[in-house]
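Notes follow the structure.
The values are calculated or read from the model by the stated rules, or taken from the named source; none is laboratory data. Worth saying up front: this structure is predicted, and the values here are computed from it rather than measured. When we count neighbours, we look across all protein chains shown, and the Cβ atoms used for this are built from the backbone with ideal geometry, even at glycine. Each accessible area value is taken on the protein alone, full model and side chains, heavy atoms only, with ligands, DNA and RNA left out. Shrake-Rupley method; radii C 1.70, N 1.55, O 1.52, S 1.80 Å.
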Amino acid sequence: MESSLDLPQESPRDGESKQSWVYRQIQERILKGALASGARLPSTRSLSQRWRVSRSTVEAAYDQLRGEGYTTGAVGSGTYVSAIIPDNFFRRGLPGDAGGHAASESGRPARPVRADTSQATPGPEPLFAARTADASLFPMATWRKGLMTSAQRVTPDQLANEESQGWLPLREQIARYLGTARGISCHADQVVILTGIRDGLDLSARILLSRQDKVLVEDPGYLNAMPLFSQFTSRVVPIAIDEHGFSVARARRHRGVKLVHVTPAHQSPTGVTMPVSRRLELLAWAKQADCWIIEDDYDSEFNYDSAPLAALKSLDTADRVIHCGSFNKTMFNALRIGYAVVPKRWVSAFSRARHTTGRSNSMIEQMTLAGFLEDGSFARHVRKARAVYAQRRDLVMRLLAQAAGGEPVRTSGEHAGFHLLWWLPPGQDAHALRDRARARGLALQPVADYCRRVDLPAGLVIGYSGLDEPEIMRQGALLQALLARPTAG
């Protein structure tokens, strides 16, 4: 069904980013039924022209809608409203909503999965929610030159014939990079080019799951995992993590497990790194249980105090791990190029699924990225960005010490990645703090928002990578004021 889709536009809300504004208008129309299942959205080019925003902004909003299950399809092949919209899995408080809960494995309702406040929530200004690459650090002049070179060298055959698995020279460069940086010994034939990690989760679920299969996810964990997997099975079970990350002991209590999603390098959101002993235990159990593991390696390039552990996939002698990574996190979000290293038995299935869903990546950008990897530009960029993010991390730690007012600063995950978890000082109530923030037009990210069943001590997720130092100082002052005046407002 084709939508007329000269979509009317509403005025942005105070403090609302352009991406959130585009996302909100479409998401609300879907949930209210104004955009029916199967309706085709306008192209990113058309909507950007009509709403007078950049095309990259619209693409980012569309990507978020696809990742959360509101739409299907891809840029270039059309974007459609999903037949089953995901309001059964998480709600946004629209008028008339009674709230929805995903069923837990025990039969009692699990906690609703909340949307990621780093981008999706309109209205209040989010504090320390910038858990993305800072695009201003990216060497755009070098990239632009590479794009021009690729455009000159690309042949008509390359433009006409899509490789579902991705351009071979890029896959070769990714295999070499993963061997060096992540300790993964793989062949280019095992690499599949994706639009990002969520694409890898979605394809894995499409290929591996049937309705009766069970999927285990971390609790607390990545917010998009449950709604993505819940499109393919109702048996998505949160497993409480411990001090070493995903708990294999708790996983052993379950039967019929087909798929497990883990973030071993920098657990999302606690930042815990899974030790080698736990990784080996997880791999041994997966082989015994005949299940598959998705290793979500979302920010492993950024370790600040020491070299990271090799990837879980590097220990995978039974070929049970689907290793997913993304250049959107390391370079810039609008790139939309990620990858998966797939067990040999599933390579053909992944390639077919990519072809069937119509998902593909720009040939010219694939060529440019291959050259960027080959000539060392990518490694130089990562080294530069890592140093900047480490400085921002250090500044955040100093500001948290000030905000703590002399109490010890307890954090986790500060050694790596784009965020850390700050466990609030004694006497601070996360719910009351959130209420005070909301009264001042601010939004915090309590760790409770990432929990399905578990109850954790009060803590805040602090994202800093996308903020320059003056902005970190400004947001730090706002946060300190919230904690310093608990009875204000």
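Annotations for the structure displayed:
- Between the C-alpha center of segment 128-142 and that of segment 4-38 there is a gap of 26 Å.
- Amide H contacts under 5 Å for VAL272, placed H, 5+ residues apart: GLN267
- With a threshold of 29 Å on the Cα-Cα distance, the over-threshold entries among LYS145/LYS313; LYS18/LYS329; LYS258/LYS313 are LYS145/LYS313.
- Low-density loop positions, trypsin sites (Lys or Arg not before Pro), segment 219-276 - DSSP coil, at most 16 other Cβ in 10 Å: ARG252, ARG253, ARG255
- Rounded to whole Hz, the Karplus (6.51, -1.76, 1.60) HN-Hα couplings of segment 257-269, x for glycine and proline: 6, 10, 8, 10, 10, 9, 10, x, 6, 7, 3, 9, x
- By accessible area, using a 1.4 Å probe on protein heavy atoms only, the chain has 51% of its surface on carbon and sulfur.
- Summed side-chain charge close to ASP213 - residues other than ASP213 whose Cβ falls under 9 Å, Lys, Arg +1, Asp, Glu -1: +4
- Value at 222 nm in deg cm²/dmol, rounded to 500, when DSSP H runs of n ≥ 4 in the chain each add -39,500 (n - 2.57): -11500 deg cm²/dmol
- Computed from label points 7 Å out along Cα-Cβ, the spacing between THR142 and ALA310 is 2.8 nm.
- Contour minus Cα-Cα distance for ARG410 and ALA36 (0.36 nm per residue): 129.9 nm
- Remark: segment 31-41, residue by residue, has Karplus-estimated 3J(HN,Hα) of 5, 7, x, 5, 10, 7, 4, x, 5, 8, 7 Hz, where x stands for each Gly or Pro and the curve is 6.51 cos²θ - 1.76 cosθ + 1.60 at θ = phi - 60°.
- Per-residue accessible area (protein heavy atoms, 1.4 Å probe) orders CYS451, CYS186 as CYS186, CYS451, starting from the largest.
- The overall shape of segment 286-418 is oblate: from the C-alpha gyration tensor, with semi-axes ordered a ≥ b ≥ c, the ratio a/c is 1.5 or greater and a/b is no larger than b/c.
- The slack in the chain from LYS287 to SER348, taken as 0.36 nm per residue of separation less the alpha-carbon distance, amounts to 19.8 nm.
- Amide H contacts for THR71 (H built 1.01 Å from N in the peptide plane; partners 5 or more residues away or on another chain; cut-off under 5 Å): ARG66, SER82.
- Other-chain or far-sequence residues with amide H under 5 Å of GLY78's (modelled H): none
- Per residue, the chain exposes 42 Å² of accessible surface when a 1.4 Å probe is rolled over the protein heavy atoms with every protein chain present.
- Summing Cβ point charges (Lys, Arg +1; Asp, Glu -1) relative to the Cα centre of the chain gives a dipole of roughly 500 debye.
- Net charge over other residues, Cβ less than 10 angstrom from the Cβ of GLU374 (K, R count +1; D, E count -1): -1
- Spin-label model distance (nm) - ARG55 vs THR149, 7 Å beyond Cα toward Cβ: 2.4
- Spin-label pair THR356-HIS431: with each label point 7 Å from Cα along the Cα-Cβ axis, the two points sit 4.5 nm from one another.
- Between ALA334 and GLU28, residue separation times 0.36 nm minus the direct Cα-Cα distance comes to 107.8 nm.
- Area accessible to solvent at ARG440, 1.4 Å probe radius, in Å²: 80
- Cα gyration tensor category, rounded, prolate or oblate, for segment 138-229 with a/c compared to 1.5: prolate
- Prolate/oblate/rounded call for the chain, Cα gyration tensor, a/c under 1.5 rounded: rounded
- Radius 15 Å from Cβ of GLN267, net charge of other residues (Lys, Arg +1; Asp, Glu -1): -4
- For segment 43-56, 3J(HN,Hα) per residue [Karplus equation, 6.51 cos²θ - 1.76 cosθ + 1.60, θ = phi - 60°, Hz, x = Gly/Pro]: 5, 4, 5, 5, 5, 5, 5, 6, 9, 6, 10, 5, 5, 5
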